[in-house]
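The structure appears right after this line, and notes come after that.
The values are calculated or read from the model by the stated rules, or taken from the named source; none is laboratory data. Bear in mind the structure is a predicted one, so any value in this text is a computation, not a measurement. All Cβ positions, even for glycine, are placed from backbone atoms using ideal geometry, and neighbour counts span all protein chains on display.
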Amino acid sequence: MTMFDLKSYIASAYEHKSLPGGLSDTLLGLADAAIEIAKLAANNGLDTPNLGGLAGGLNEDGDSQKQLDVMSDDLVCEALSAAGVARYFSEEQAEVKILTPDGQIGVACDPLDGSSNIDTNLTIGTIFSIFDMKDCVNDLPPMGRKQLAAGLFVYGPQTALLLSFGDEVAAFALSEEGRFIRLEWDVQIPASSTEFAINASNAAFWPAPIQTYIAERSTGGAAKTSAMRWLGSLVADAFRIFRRGGVFLYPQDSRTGYEQGRLRLIYEASPMAFLIEAAGGRATTGTHDILDIAPTSLHQRIPLIFGSADEVKHIIARIAQ
Ligand code: F6P
Ligand code: MN
C-alpha cells in the first residue's frame, strides 16, 4: 500500500489548483488539533474528569456545552491562530473571532459534532469549512460553492479524515505514528440506496412530503430492503453514507425553533454539502442546493437532506408535488 500522507496530498493539490499559500498550514493545523481531540476522546475518564460532562454554558444555538466541546474549540482556535488564519467562525463562539487581521483564509468549524455521544462511546467528529476572506460578504462566509476546501474528522474506531478541494474526496486514517495516511478508498456515494437516517421521533412535526417519503420507505414496496439508521451524530451518520450510500434528513418541522431545521449552515451543512457533491451525492434544503445558499447570520439553521443522488432527487420531487 502506498503511504501517501496528508502533507503530500496537500502538496499535490497545490500543483493542480491555484490555492492560497496559507491553506496548507491551515489544514495541517486542523489535523494537529484533531489528533489532540482524538487523544482527549480516547482518554476520557482515564487521565481527565468526564469530558462528556457539562461545561456550564450554552452555545449560541442553545445546546449545552460539554467539557470536550470547549476544549476542542480551544485546540482548533489555537491551531488556526498559529496558522495565520484571519477569522474563525465557530459553533462554540457567539461572535466571529478575529485571529490574524491581515490573514487571507477564513475557517468555519463545528469543533466537536455529536457531543451528546461523548459518554456513549459513539463516533464524534470535527467539521470544517475553509474559504478566502475576499469572498466574504457582510463579514460572513461566502455561499458553500465558493469554499476552497472542506472536510470532517471522525473520532471512532479509527480516527479518519475526509477532505475535498472540490473535485474529489480523499480519505485518510490516523496511523499509530500520528500521521494521516491516505486510504485506498475511492469515495463515491452510490446513486441509490435503501438506508435512511432521520430522527423519527419528530414524525408528527415533519412537513407532509417528508412524512409520505418515510412512510413509503418504511411500509411501502421497498420496505423489505429498507433500513433506518440514526446515530444522533451527524459526522457518524455521514461517514456511513460516504461508505455505502443512504440519505440523511433533518428537515424543518413545526416545533418552535425548528422552522429551519436543526443543523447550522456555515459549519455543518455547507462543508458537508461540499464533500457530498464532490463524492457524487446531492445536498439540498428540499428546494435549493445547500451550496447555493449565502449565509445571513453566523449560527443560521438550514433544513438539510443529503446522500445518494437518486434518492435525494426522489425526495426533492416529493417536496415539489
Ligand atoms: O450538531 C447537531 C447534532 O448533534 C448532529 O450531530 C445530529 O445529527 C443532530 O444534532 C441530532 O439532533 P437531534 O438530537 O434533534 O436528533
Ligand atoms: Mn454539530
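Table for the structure above
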quantity: Unmet requirement for SER115, which otherwise passes all of (1) at pLDDT 95 or above; (2) on the phi < 0 side of the Ramachandran plot; calculated: (1)
quantity: Criterion: away from ligand 1 (no atom under 16 Å from the Cβ), basic (Lys, Arg), assigned by TED's automatic domain parsing to the domain that holds ASP310 and in contact (Cβ under 8 Å) with a residue 24 or more places away in the chain - qualifying residue of ARG255, ARG244, ARG262; calculated: ARG244
quantity: Residue in the range 90-102 that is buried (at least 20 other Cβ atoms within 10 Å of the Cβ), under 20 Å from ALA269 (Cα atoms), over 17 Å from the mean Cα position of the chain (by Cα) and not assigned by TED's automatic domain parsing to the domain that holds GLY232 present; calculated: no
quantity: From ALA283, ALA278, residue being of a type in the set (Gly, Ala, Ser), free of Cβ contacts under 8 Å to residues at least 60 places away in the same chain and at negative phi; calculated: ALA283
quantity: Single match in ALA208, ALA215, ALA294 (criterion: more than 16 Å from ligand 1 (Cβ to nearest atom) and touching a residue at least 40 places away in the same chain (Cβ under 8 Å)); calculated: ALA294
quantity: Number of positions in the range 99-153 that are within 16 Å of ligand 2 (Cβ to nearest atom), among the hydroxyl-bearing types (Ser, Thr, Tyr) and assigned to a loop (DSSP other than H, G, I, E, B); calculated: 2
quantity: When residues of the range 273-320 are limited to those that are among the basic types (Lys, Arg) and more than 25 Å from GLU91 (Cα to Cα), the one surrounded by the most Cβ atoms within 10 Å (Cβ to Cβ); calculated: ARG318
quantity: Extreme residue, farthest from ligand 2 (Cβ to nearest atom), among residues of the range 50-98 that are of a type in the set (Val, Ile, Thr) and closer than 24 Å to LEU148 by Cα; calculated: ILE98
quantity: Leading residue by the ranking (surrounded by the fewest Cβ atoms within 10 Å (Cβ to Cβ)) among those in the range 235-272 that are small (Gly, Ala, Ser) and within 12 Å of the chain's Cα centre (by Cα); calculated: ALA236
quantity: Single condition VAL154 does not satisfy, out of (1) within 16 Å of ligand 1 (Cβ to nearest atom); (2) farther than 27 Å from ASN43 by Cβ; (3) of a type in the set (Val, Ile, Thr); calculated: (2)
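Residues checked against (1) in contact (Cβ under 8 Å) with a residue 24 or more places away in the chain; (2) more than 21 Å from LEU28 (Cα to Cα):
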{"site": "GLY114", "(1), (2)": "yes, yes"}
{"site": "THR123", "(1), (2)": "yes, yes"}
{"site": "PHE131", "(1), (2)": "yes, no"}
{"site": "MET143", "(1), (2)": "yes, yes"}
{"site": "PHE153", "(1), (2)": "yes, no"}
{"site": "GLN158", "(1), (2)": "no, no"}
{"site": "LEU161", "(1), (2)": "yes, no"}
{"site": "VAL169", "(1), (2)": "yes, no"}
{"site": "GLU177", "(1), (2)": "no, no"}
